[in-house]
Amino acid sequence: MPMALSTQTATDDDQNILLARIDNARSVSNILKAIHFKETATVFASPMGLKVTVEDAKCIQANAFIQEGIFQEYVIKEEQITFKINLTILLECLTIFGTGAVGGSCTSLKMCYAGYGRPLVLMLEEEGVLTDCSIKTLEPDEVLDFNFSSTNVINKIIMKSECLKEAFNELDMTSDVLEFLMSPDAPYLRLSTFGNAGSTHSDFPKDSDMMESFQCAQTQTNRYKVSLLKPSVKALALSSRVSIRTDNRGFLSLQYMIKNEDGQICFVEYYCAPDEDVDDPEH
Amino acid sequence: MKCVVPGANIKVFGRAVHSLSKIGEELYIEPLDHGLALRTVNSSRSAYACFLFAPSFFQHYDDGVGDVSSQDSDDTLRCKIAMKSILTVFRSLSTMEKTVERCKIKLNMKDSRLVFQLYCRHGIVKTHNLAFIECETLQAVFSKDMCPNSLTACSKLLCDAVMNFQNNQEEVTLIVNPEKIVLKNYVEDEPDPTKVMHTNLSLQPEEFDYCQIGVDTEVTFCLKELRAILGFSEVTTLPVTLKFETAGRPIVFSIDSDSTFEGNFVLATLADQLTQSQAPTQSRSTTQKSRSSMKQSRTPHSRSTMMNHRPGNGGDNRSNTRNYGQSNAAERTDGLEEFMNDENDFDEMMIQHETTINHRDQTNIHNNKQTIDSKHKHSEDLSVRSKGDNSVVNSKGDHSNIDYSMEIMRSASPTAGCSKTNEESPVIPILGSRVKITDRSLDETDITMEDGNHGNDVDNQDNNEEDDEYIPGTPPAKRFRSLFFGSQDLTQTQHKASTSVVLAADSDDDE
Amino acid sequence: MRFRGKLIDIACIQHFTRVVTTVSKIIKGCVLRITPSAMYFILSEKVINGGIQIWCELPQGHFFDEYAMEGVSPEANEIYLELAPENLVKALKTAQIAKWVKIKLTKKHTPCITVEVDLPTLGSHSRVVVHDIPVSVVPRRLWEEYQEPVMPHYDVSIMMPQIKVLRSVVDKMKNLSNVLSLSANQQGELRVSVENDMVSVSTHFEDLLNPASSRDDMGQNSNQCEPDEYFEVKIDIRKFAQFLAGQQVSPSRVICNIVDNRIVHFYLVNDDVSLQYFMPVMVS
């Protein structure tokens, strides 16, 4: 049954079980763009803030964390609120006044949710112009649990995002997989693709000034679907640092540290399961 | 083979690859003792491009001759790779310029891979192992030194000029005489010439660094390839030299950086006799090659002839005369006051409109000359010779069947040898005549290929659809005749005697 | 029939180009009307077919340094030509730094508007590029189809907000729906909204001016509606976005006139150019 799409809803703040207000809506929209590789996302709101999760193919999961402190006002009346929403539409609404990064003006946002079955209501304002949006919320799905625990981490590298950005931008998309090699010995960190044109390797030495931390205990070579990892380039592009971790099962965790325009720090995390059919690498 | 491009030269090298990628789909790589050759040809074989990077261009250069693996000194690498593959290496030139400190190119024979290693900032090394196919060498032979017309221009002049043409414009016509150099868009007759915008730009000979017009002519070639050339010359700010003769013969664009590299782009030009005869082509020199002078003799007042072919004026002698005067006046006075001359025409035009006279009658004259569907497949170029031109064609002499062509040979110095075989014309006609293949080890021995059909059919070729000029596997685009290439299979080089002409490339299996 | 005009001032050349570009972004083909005092770009599609009507007027004195024309006859001293404005834009592409631009009616392979552009060169050479844009002459009996559209009596007339902001909003809304509701009232409020089964979005502009509307002149009608009553039209969002995106004239005023559910009329006014645009309305 279609929900009422009145733009007049949620003016009564008392009805809302969630209310968040922020002076710069771009802090929210930017970080959501970093995980926007699927149409829908699941929103988990808690007193800590918002966690927005996007998944694909039961193999990859991206989480954006927007802490409560990012918002100028954050009121939540329940321990945990969960709903699913069309992320594409949410982003169109959040950026309704444009995305011009250096325009001086910024869009303020008030976001309200009155509970199960009710729409997510956005009120945006920029230089006296108001936009009301009412976005239908959907029944939440179960999300995957990758059981990625730091105690099982074998190899861990923290590096500046800059050089990895280039490597990800240039990924050979004719290759099915992206191979991560992490090793205490040369070539230390190697990303490889095996495409139509041939194979490509990017080697990052551990003494590079791009490396901030290098803790590799044993040589691990794992392959991940390149199509699943490629979207993380959006997060990479926004981030200043990235942490690459693999656990004993070969699961990959990529954590991106993203600084917003106000200098606050948010995190985006990608988990990816290794590709099942592991053939021998070409080289 | 192993060579290292220093960081400072990566931009030029990458740009060269990019400009080649705008022409062909495969890149032919051949290390020679005097440098690394990168070549390509477009799918319809109407454009060929080659860059030769001298050893001094590299930080280190070893062409691989005399490698342990090869007993035979001729057994150097000749390979081709997909343009798409090499573009993965040189994808973002602006980034590369900033980050890559040197690029090593080497051959991994064991795995049959051509290896590009980019040594970047922060100690990062990117290795691309590209699959290649060993292949015959690709080379078009063209004689740029003998061309009667030669223009050298700074890249800005040509870029500025080309900017005036629309992005979707496919071909451009270059018209030269000693007074001026004109560029205009080439308009096909289909679907409706009256709907198409015409653009015409005049340049003064003095604007060129060098300008030698030995024969007045007009040549039509593809803008796409010209833009590829200019894209390179713009970045390197090197002047471009154009060498050409007449319609139907290739035009060569060269870029030369003294000793470190040179680039040559050879483009087929449209072989369109009728266009030519109606154009203001006038031979100045009485000692001109018989061919051109014969042609010209038919159209002593070519400008009025041109007017006759204009659809708007077709049947009206009075207006022709008027226009003729007007057009000359326009040229003389730099187009200042044709206003008054237009008046009568427009009154007539208005009457025509009011009385609904159909323009189509007049357009027919124009349309007659082209009846063949413009979209590729083979042999359309023949429509050029419509019936009215028989006498011209026949009187052209022995090589009249050749509207243009490139000679093929395999030689270290492509400009050599053309004049040896033929005194009459600076460019040797190829189709139906001789193809010169020279293997380096053969010391430029000519191997002549006779095209069986051709020799006898000189006269027949006036009739359209000349099958004998159809070269299997090489469909020319539009009325461009495909360039004709000589090449050698690697396996054949062992047997010198069996060296033969092989049409380059796309007959090969793809991977 | 004769026409020739010359633009010398670089600002005039650029402004002329912007006007033509604006027209070309909205329509493929139009009629160029030349009179002794002005040039007009006119499109007149039948409203019955949901057609667009455009009336763009350029007083020649604001643009041309030289301007001479002679119409079909002394009584009918006008010229009507059909042309693709896009071709004119193409011809003016490299004219933005020209020394002068000449526009004239010529007879080449076909009737043409010939645009001559004197391009700057490094030396003292003159470099003129000549573009012949084919046109067809509109016979006099058809002229009446291209007369200035009659202004209907509007329910509401309102000054549009900053085009830049509106453009950005409409561009986003374009991704959510094909139909845009545009409504305004006499209190200076304008609303654009879209709706689909997942979302409704509505953007409100306030404190806009209401120019004296034709309704006020009518006297009796103006009393019949409340000032806060909204009048609405539904329009093709793509056409509207195209109109906003192509808008390069930066007019001092853009007025939007609405007849509830029937007509929307945009009127761009500048010192030296005016453009009227009747956009087809979708009937619900």
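In table form, for the structure just shown:
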| quantity | calculated |
| --- | --- |
| Every residue from segment B:91-126 that is in contact with a Ser or Thr (Cβ under 8 Å, 6 or more places away or on another chain), buried (at least 21 other Cβ atoms within 10 Å of the Cβ) and over 24 Å from B:Thr40 (Cα atoms) | B:Cys120, B:Ile124, B:Lys126 |
| Boolean, B:Glu262 is in contact (Cβ under 8 Å) with a residue 40 or more places away in the chain, part of a strand (DSSP E or B) and charged (D, E, K, R) | yes |
| Which listed residue is charged (D, E, K, R), away from chain A (no Cβ under 14 Å) and surrounded by 20 or more Cβ atoms within 10 Å (Cβ to Cβ), from B:Glu170, B:Glu136 | B:Glu136 |
| Every residue from segment A:71-84 that is open to solvent by 10 Å² or more (accessible area, probe 1.4 Å) and either of a type in the set (D, E, K, R) or not in a loop (DSSP other than H, G, I, E, B) (or both) | A:Glu73, A:Tyr74, A:Val75, A:Ile76, A:Lys77, A:Glu78, A:Glu79, A:Thr82, A:Lys84 |
| Test: residue in segment B:157-167 that is within 10 Å of another protein chain (Cβ to nearest Cβ), open to solvent by less than 30 Å² (accessible area, probe 1.4 Å), among the small types (Gly, Ala, Ser) and within 20 Å of B:Phe232 (Cα to Cα) | yes |
| A:Val177 vs. criteria surrounded by 20 or more Cβ atoms within 10 Å (Cβ to Cβ), away from chain B (no Cβ under 14 Å), closer than 22 Å to A:Phe37 by Cα and more than 16 Å from the chain's Cα centre (by Cα) | yes |
| Selection count, segment A:119-131, where residues are open to solvent by 20 Å² or more (accessible area, probe 1.4 Å), modelled with pLDDT of 95 or more and either away from chain C (no Cβ under 14 Å) or not in a strand (DSSP E or B) (or both) | 0 |
| Some residue of segment B:108-117 being under 22 Å from A:Thr174 (Cβ atoms), in a loop (DSSP other than H, G, I, E, B), free of Cβ contacts under 8 Å to residues at least 40 places away in the same chain and in contact with a strand residue (DSSP E or B) (Cβ under 9 Å, 6 or more places away or on another chain) | yes |
| Selection status of C:Leu142, buried (at least 17 other Cβ atoms within 10 Å of the Cβ) and either more than 9 Å from every other protein chain (Cβ to nearest Cβ) or within 26 Å of B:Tyr186 (Cβ to Cβ) (or both) | no |
| B:Val187 vs. criteria open to solvent by 20 Å² or more (accessible area, probe 1.4 Å), more than 26 Å from C:Ser124 (Cβ to Cβ) and within 11 Å of another protein chain (Cβ to nearest Cβ) | yes |
| Members of segment C:180-206 found to be facing chain A (nearest Cβ under 9 Å), farther than 13 Å from C:Phe240 by Cβ and small (Gly, Ala, Ser), listed by number | C:Ser200, C:Ser202 |
| Residue in segment C:76-95 that is in contact (Cβ under 8 Å) with a residue 60 or more places away in the chain, over 18 Å from C:Gln147 (Cα atoms) and surrounded by fewer than 17 Cβ atoms within 10 Å (Cβ to Cβ) present | no |
| Residue among C:Ile103, C:Ile97, C:Ile113, C:Ile163 that alone is under 30 Å from B:His198 (Cβ atoms) and either within 14 Å of chain A (Cβ to nearest Cβ) or in contact with a Pro (Cβ under 7 Å, 6 or more places away or on another chain) (or both) | C:Ile97 |
| Residue list for segment B:76-118, filter: more than 10 Å from chain A (Cβ to nearest Cβ) and among the aromatic types (Phe, Trp, Tyr) | B:Phe90 |
| Test: residue in segment A:29-38 that is of a type in the set (Gly, Ala, Ser), part of a loop (DSSP other than H, G, I, E, B) and touching a Ser or Thr at 6+ places or on another chain (Cβ under 7 Å) | no |
| Single condition B:Glu207 does not satisfy, out of (1) in contact (Cβ under 8 Å) with a residue 12 or more places away in the chain; (2) of a type in the set (D, E, K, R); (3) open to solvent by 40 Å² or more (accessible area, probe 1.4 Å) | (3) |
| Those residues of segment A:132-170 which are farther than 24 Å from A:Leu189 by Cβ and assigned to a loop (DSSP other than H, G, I, E, B), in sequence order | A:Lys136, A:Thr137, A:Glu139, A:Pro140, A:Asp141, A:Glu142, A:Val143, A:Leu144, A:Asp145, A:Asn147 |
| Residues (polar (S, T, N, Q), part of a helix (DSSP H, G or I) and open to solvent by 10 Å² or more (accessible area, probe 1.4 Å)) located in segment B:220-253 | B:Thr236 |
| Options B:Phe58, B:Phe51: the member that is of a type in the set (Phe, Trp, Tyr) and open to solvent by 10 Å² or more (accessible area, probe 1.4 Å) | B:Phe58 |
| Sole residue being in contact (Cβ under 8 Å) with a residue 40 or more places away in the chain, surrounded by 15 or more Cβ atoms within 10 Å (Cβ to Cβ) and within 19 Å of C:Ser274 (Cα to Cα), chosen from C:Phe240, C:Phe231 | C:Phe240 |
| Selected residue [away from chain A (no Cβ under 14 Å), in contact with a strand residue (DSSP E or B) (Cβ under 7 Å, 6 or more places away or on another chain) and either outside any loop (DSSP other than H, G, I, E, B) or at negative phi (or both)] from C:Ser157, C:Ser124, C:Ser177 | C:Ser157 |
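The values are calculated or read from the model by the stated rules, or taken from the named source; none is laboratory data. These numbers come from a predicted model, not from an experiment. Note: ideal-geometry Cβ built from the backbone for every residue, glycine included; neighbour counts use all protein chains shown. To get the accessible areas, we keep the full protein, side chains included, count just its heavy atoms, and leave off ligands, DNA and RNA. Shrake-Rupley method; radii C 1.70, N 1.55, O 1.52, S 1.80 Å.
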